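Working notes, structure below.
Since every read-out is calculated from the coordinates, none of them should be taken as a lab result. Quick caveat: nothing in here was measured; it's all calculated off a predicted structure. Because the Cβ atoms are built from the backbone with ideal geometry, glycine has one as well, and the counts that use them run over all protein chains shown.
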Amino acid sequence: DAGVIQSPRHEVTEMGQEVTLRCKPISGHNSLFWYRQTMMRGLELLIYFNNNVPIDDSGMPEDRFSAKMPNASFSTLKIQPSEPRDSAVYFCASSYAGTAEKLFFGSGTQLSVL
Amino acid sequence: QQQVKQSPQSLIVQKGGISIINCAYENTAFDYFPWYQQFPGKGPALLIAIRPDVSEKKEGRFTISFNKSAKQFSLHIMDSQPGDSATYFCAASRSHDMRFGAGTRLTVKP
């Protein structure tokens, strides 16, 4: 199995632009998580999907952030408009447990908003 | 609100030595306590995990010690190797809610 696949690996954009991050979870996993990692705040849960349905989006910072999971093999995290404070590494993770146990993380997307 | 506190922030150990990283949690509802290892440019990878009904779990050179009454747990890396140099995160979770510590950067000198 190729593991959790994220794209792009790096994204550099200008303030105000729309950014879309993509994730392909491990086949057979029914839970998908989006995390953000920064030096100041560490690893934070943004949103959790179970069986393609958003269950907990309380970690989404504001309305500029949105996430979708149209099917079991694909999810997107969109930021519109982007701001410099959104600069971070965004991780997608999946599990088969229906919980945060035994999470498998992707390699992340390094986002820089200038 | 920081629910999982991790120390030290950084740690330097000689090859063959023991590395010890400590964590404390606040929410007694947490029922799963994993440790993740992260190399530069990679995502965190699950290393070892424990549940609160067990006081110790060992997998190879890695051991978790868990003290439920003190709400503390620690990771011990025996016979530390240069390849263990990475950032280690403790975490605590209940259901889908996983809270991570701030991380410990471990350097094992040859």
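On the basis of being surrounded by 15 or more Cβ atoms within 10 Å (Cβ to Cβ), touching a strand residue (DSSP E or B) at 6+ places or on another chain (Cβ under 6 Å) and of a type in the set (Lys, Arg), does B:Lys109 make the cut? Step through it out loud before you land on a result.
Numbers: surrounded by 15 or more Cβ atoms within 10 Å (Cβ to Cβ): no; touching a strand residue (DSSP E or B) at 6+ places or on another chain (Cβ under 6 Å): yes; of a type in the set (Lys, Arg): yes.
So B:Lys109 fails the test.
With in contact (Cβ under 8 Å) with a residue 24 or more places away in the chain and either within 14 Å of the chain's Cα centre (by Cα) or surrounded by fewer than 16 Cβ atoms within 10 Å (Cβ to Cβ) (or both) as the only criterion, which of B:Ser85, B:Ser93 stands out?
Details: B:Ser85 fails: in contact (Cβ under 8 Å) with a residue 24 or more places away in the chain.
Answer to the selection: B:Ser93.
Listed here are the strands (runs of 3 or more DSSP E) enclosed by region B:7-110 that have at least 2 residues being closer than 27 Å to A:Asn50 by Cα, more than 14 Å from chain A (Cβ to nearest Cβ) and in contact with an Asp or Glu (Cβ under 8 Å, 6 or more places away or on another chain), and there are none.
This table checks each residue for (1) more than 14 Å from chain B (Cβ to nearest Cβ); (2) closer than 19 Å to A:Glu18 by Cα; (3) touching a Pro at 6+ places or on another chain (Cβ under 8 Å); (4) not in a loop (DSSP other than H, G, I, E, B).
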position: A:Glu62; (1), (2), (3), (4): yes, yes, no, no
position: A:Ser66; (1), (2), (3), (4): yes, yes, no, yes
position: A:Ser75; (1), (2), (3), (4): yes, yes, yes, yes
position: A:Ser82; (1), (2), (3), (4): yes, yes, no, no
position: A:Arg85; (1), (2), (3), (4): yes, yes, no, yes
position: A:Tyr90; (1), (2), (3), (4): no, yes, no, yes
position: A:Ser94; (1), (2), (3), (4): no, no, yes, yes
position: A:Ala100; (1), (2), (3), (4): no, no, no, no
position: A:Ser112; (1), (2), (3), (4): yes, yes, no, yes
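Annotation note: of A:Ile47, A:Ile55, the sole residue that is within 12 Å of the chain's Cα centre (by Cα), of a type outside the set (Phe, Trp, Tyr) and closer than 21 Å to A:Glu101 by Cβ is A:Ile47. Applying the criterion of being assigned to a strand (DSSP E or B) and free of Cβ contacts under 8 Å to residues at least 24 places away in the same chain to the residues of region A:31-44, the residue that is farthest from the other protein chains (Cβ to nearest Cβ) is A:Glu44. If you go through region A:46-60 and keep only what is within 11 Å of chain B (Cβ to nearest Cβ) and surrounded by 16 or more Cβ atoms within 10 Å (Cβ to Cβ), you end up with A:Ile47, A:Tyr48, A:Phe49, A:Asn50, A:Asp56, A:Gly59.
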